[in-house]
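**Student:** Take a look at this one; I'll ask things after.
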Amino acid sequence: IFPSLLFGQEFIPNYDESKVPDYQLPDPLVFENGEKVSSPEDWEKKRVETLRYFETEVYGISPAWDGEIKAEIITELLNALGGKAERREVKLTLQRNGKEVDLYVLIYLPKIEQAAPVILGLNFYGNHTLSDDPTIRVTDAWIRNNETYGATDHKASEKGRGLRRENWAVEEAINRGYGIATLYYGELDPDFDDGFENGVHALYQEERNESSWGAVGAWAWGLSRVMDYLETLDDVDAAKVAVLGHSRLGKAALWAGATDTRFALVISNNSGCGGAALSRRNYGETVGRINRAFPHWFAKRFDHYSENETALPIDQHQLIALMAPRPVYIASGVDDRWADPKGEFLSGLYANPVYQLFGKTGMPENKQPAVDQPVMGEIGYHVRSGGHGMLPYDMHQYFNFADKHW
Ligand code: GTR
C-alpha cells in the first residue's frame, strides 16, 4: 500500500502558475458590514475583527495567561564566543492550575553598554544544536526522529550538538550587537497528535471546541511567555525584541507577532501554507493537505476550508497586515515551491494598504524581486537561491532589516 493512499487520495501539488485559480482576496480595509476602513483608528477596530477570524477559523483561540512563571538560571558563561558574549540557559517553569511545564531558554547577549535588542525564535532540534558548548543542556522532551541531528527514539542526543550553529548565525548576531534567545519548540508542545493533552495545553483543562488552540497556537503562545520573561531583564531591550521562525515555526512566529504586539519586528522564514503564503492560490501545499498531514497544528475549524479556500473569511495577507505598522520580513527559497514563494511575496504586497493607512510603504516592490535581491520597506522580502531552510544568508538579511528599523 502506498503511504500517500492512506489518506484515501493521493495529493499532487500544483506547481503550474497557469493552474492557479482565479481568486478574489478579502479587502483588508473593508469591515464585515461593508464600511471602509479609512484611518488608523478604524484599523484598530478592523484589526480586532481580523484577529478574531484568524483565531476562530485558523489557529484557534489561545487562552490569556493568568499563571506564574518561575525563572532559574541553570548555567551561565560570562565569556562566551571568545569573550564577546554572555551566555545563559534559563529554566522557566510555567505554573497554573496545579500543573507545571518547564522551558529551557538559551540566551546569548552581546557585551554592550546598553540593553541589547534580541531575536527570539523556537528551534527544531534542541538548544544544544546551536553551539559546541558542552554545558548547553540536551532537551529531554519528545522530539521528531532525525538521524542527521541525532534525534532517535524521539530523544535528542549529544550527536546533534553544534550542528545548527551556522543556521542561527549567533556569532554574526553578537558581532552586530544583537542577542539571540531560543528554546526547543517541543517543550511547549510536542509535535504529534496527542489529543492536546501534553505541553502547555495541559495547563488548561477547558473543554475543547472547533476553535480551540492547536500546536501552532501553543508555540506562538509560548513565545509570548518567553517575552514575559525577557521583559523582566535589565540587559534586554524589550522594545526591540524580534520574533523569528522557520517553516512550521515561521507560522508560529507570524501568529505570535499577530497576537502579541510587544514583538516589535516579525520574521517569517519559509513559512508557507498557514504562514505567509496565500491560501487561495492553491500552489504547493494546500489547506486540505496541511490539515490532513498535521491535524494537530490548527483549530479544527480550519479543516472546514480544506479544498474550500474561497469560503475563508480572511486570507494570509491579512495575517501580515496584523503586524502593521511594525516591520515584518518574509523570506522564501526559490526551490521551496511547496511553500509557494510567490504566494508568500503576494501576501506581503497585499498587506500594503494597511501600512499605507499609517503613512508607510510596506512592501516596496509590486513585483516579486529577482533571486537573492532582498527588498526592505516596513515589509521586507527576499527569495534566496536554494530550497527550504534557514541559512546564514537569511539571517544576514534579518540583521540588515533590524539595523534599518532600529
Ligand atoms: C512540512 C509542512 C510545511 C512546513 C514544513 C516544516 O512537512 O508541510 O507546512 O511546515 O513541514 O515545518 O519543515
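The values are calculated or read from the model by the stated rules, or taken from the named source; none is laboratory data. No experiment lies behind these values; they were computed from the predicted model shown. Note: ideal-geometry Cβ built from the backbone for every residue, glycine included; neighbour counts use all protein chains shown. Note: accessible area is taken over every heavy atom of the protein model, side chains too, but ligands, DNA and RNA are not part of it. Shrake-Rupley method; radii C 1.70, N 1.55, O 1.52, S 1.80 Å.
**Student:** Any idea which of Asn269, Asn308, Asn291, Asn352 is polar (S, T, N, Q) and in contact with a Leu (Cβ under 8 Å, 6 or more places away or on another chain)?
**Tutor:** Only one candidate qualifies: Asn269.
**Student:** Under 8 Å by Cβ, and 6 or more places apart or on different chains, what pairs join a residue from segment 338-365 that is under 28 Å from Gly389 (Cα atoms) and basic (Lys, Arg) with one that is within 16 Å of the ligand (Cβ to nearest atom) and in a helix (DSSP H, G or I)?
**Tutor:** Going by the 8 Å Cβ cut-off, the qualifying pairs are Lys342/Arg281.
**Student:** Return a yes/no flag: does segment 206-229 have any residue that is small (Gly, Ala, Ser) and on the phi > 0 side of the Ramachandran plot.
**Tutor:** no
**Student:** Would segment 158-169 turn up any residue that is crowded, with 24+ Cβ neighbours inside 10 Å and either farther than 14 Å from Thr129 by Cβ or in contact with an Asp or Glu (Cβ under 7 Å, 6 or more places away or on another chain) (or both)?
**Tutor:** no
**Student:** Another question, if that's okay. Out of all the residues in segment 130-139, which are assigned to a loop (DSSP other than H, G, I, E, B) and either surrounded by 16 or more Cβ atoms within 10 Å (Cβ to Cβ) or out of contact with any helix residue (DSSP H, G or I) (no Cβ under 9 Å at 6 or more places or on another chain) (or both)?
**Tutor:** Listed by number, the residues that qualify are Ser131, Asp133, Thr135, Ile136, Arg137, Val138, Thr139.
**Student:** Do any strands (runs of 3 or more DSSP E) entirely within segment 1-119 hold 2 or more residues that are of a type in the set (Ser, Thr, Tyr), and if so, which?
**Tutor:** Details: elements: 68-80, 85-96, 99-110.
Where strands (runs of 3 or more DSSP E) fall fully within segment 1-119 and carry at least 2 residues being of a type in the set (Ser, Thr, Tyr), they are 99-110.
**Student:** Continuing with this model, one more query. Would you say Ala258 is touching a residue at least 12 places away in the same chain (Cβ under 8 Å), under 22 Å from Glu210 (Cα atoms) and in a helix (DSSP H, G or I)?
**Tutor:** So Ala258 passes the test.
**Student:** Search segment 140-155 for residues being part of a loop (DSSP other than H, G, I, E, B) and open to solvent by less than 20 Å² (accessible area, probe 1.4 Å), and hand back the single one that is farthest from Phe192 (Cα to Cα). Steps first, answer last, please.
**Tutor:** Within segment 140-155, the subset part of a loop (DSSP other than H, G, I, E, B) is 140-145, 147-150, 153-154.
Still in the running and open to solvent by less than 20 Å² (accessible area, probe 1.4 Å): 141, 143, 150.
Values: Ala141: 12, Ile143: 9, Gly150: 19 Å.
Going through the qualifying residues, I end up with Gly150.
**Student:** Right, something else. Conditions: (1) in a helix (DSSP H, G or I); (2) over 14 Å from the mean Cα position of the chain (by Cα); (3) over 30 Å from Glu86 (Cβ atoms). Arg225 meets all but one. Number of the miss?
**Tutor:** (3)
**Student:** If you don't mind, there's one more thing I want to ask. Within segment 47-60, is even one residue under 28 Å from Glu206 (Cβ atoms) and loosely packed, with under 11 Cβ neighbours inside 10 Å?
**Tutor:** yes
**Student:** Something else now. Could we say that Tyr381 is out of contact with any helix residue (DSSP H, G or I) (no Cβ under 7 Å at 6 or more places or on another chain) and buried (at least 16 other Cβ atoms within 10 Å of the Cβ) here?
**Tutor:** no
**Student:** Now a separate question. Can you tell me which residues in segment 306-354 are within 15 Å of the ligand (Cβ to nearest atom), part of a helix (DSSP H, G or I) and surrounded by fewer than 22 Cβ atoms within 10 Å (Cβ to Cβ)?
**Tutor:** Arg337, Trp338
**Student:** Could you go through segment 309-323 and let me know if any residue there is without any contact (Cβ under 8 Å) to a residue 60 or more places away in the chain and of a type in the set (Val, Ile, Thr).
**Tutor:** no
**Student:** Tell me which residues, restricted to segment 287-305, are assigned to a loop (DSSP other than H, G, I, E, B), open to solvent by less than 10 Å² (accessible area, probe 1.4 Å) and within 13 Å of the ligand (Cβ to nearest atom).
**Tutor:** Trp297, Phe298
**Student:** While we're looking at this one, here's another question. Determine whether segment 271-281 contains at least one residue that is in contact (Cβ under 8 Å) with a residue 12 or more places away in the chain, more than 16 Å from the ligand (Cβ to nearest atom) and over 21 Å from Gly380 (Cα atoms).
**Tutor:** yes
**Student:** When you scan segment 203-262, how many residues do you find that are of a type in the set (Phe, Trp, Tyr) and within 16 Å of the ligand (Cβ to nearest atom)?
**Tutor:** Of the residues in segment 203-262, 2 are of a type in the set (Phe, Trp, Tyr) and within 16 Å of the ligand (Cβ to nearest atom).
**Student:** Within segment 49-61, count every residue that is farther than 10 Å from Arg301 by Cβ and either acidic (Asp, Glu) or without any contact (Cβ under 8 Å) to a residue 24 or more places away in the chain (or both).
**Tutor:** Residues in segment 49-61 being farther than 10 Å from Arg301 by Cβ and either acidic (Asp, Glu) or without any contact (Cβ under 8 Å) to a residue 24 or more places away in the chain (or both): 2 in total.
**Student:** How do the pairs read when you match residues in segment 62-87 that are among the charged types (D, E, K, R) with residues anywhere that are open to solvent by 80 Å² or more (accessible area, probe 1.4 Å), using Cβ under 7 Å and keeping only pairs 6 or more apart or on different chains?
**Tutor:** Once the first residue is among the charged types (D, E, K, R) and sits in segment 62-87, its partners that are open to solvent by 80 Å² or more (accessible area, probe 1.4 Å) give Lys84/Lys111; Glu86/Leu78; Glu86/Lys111.
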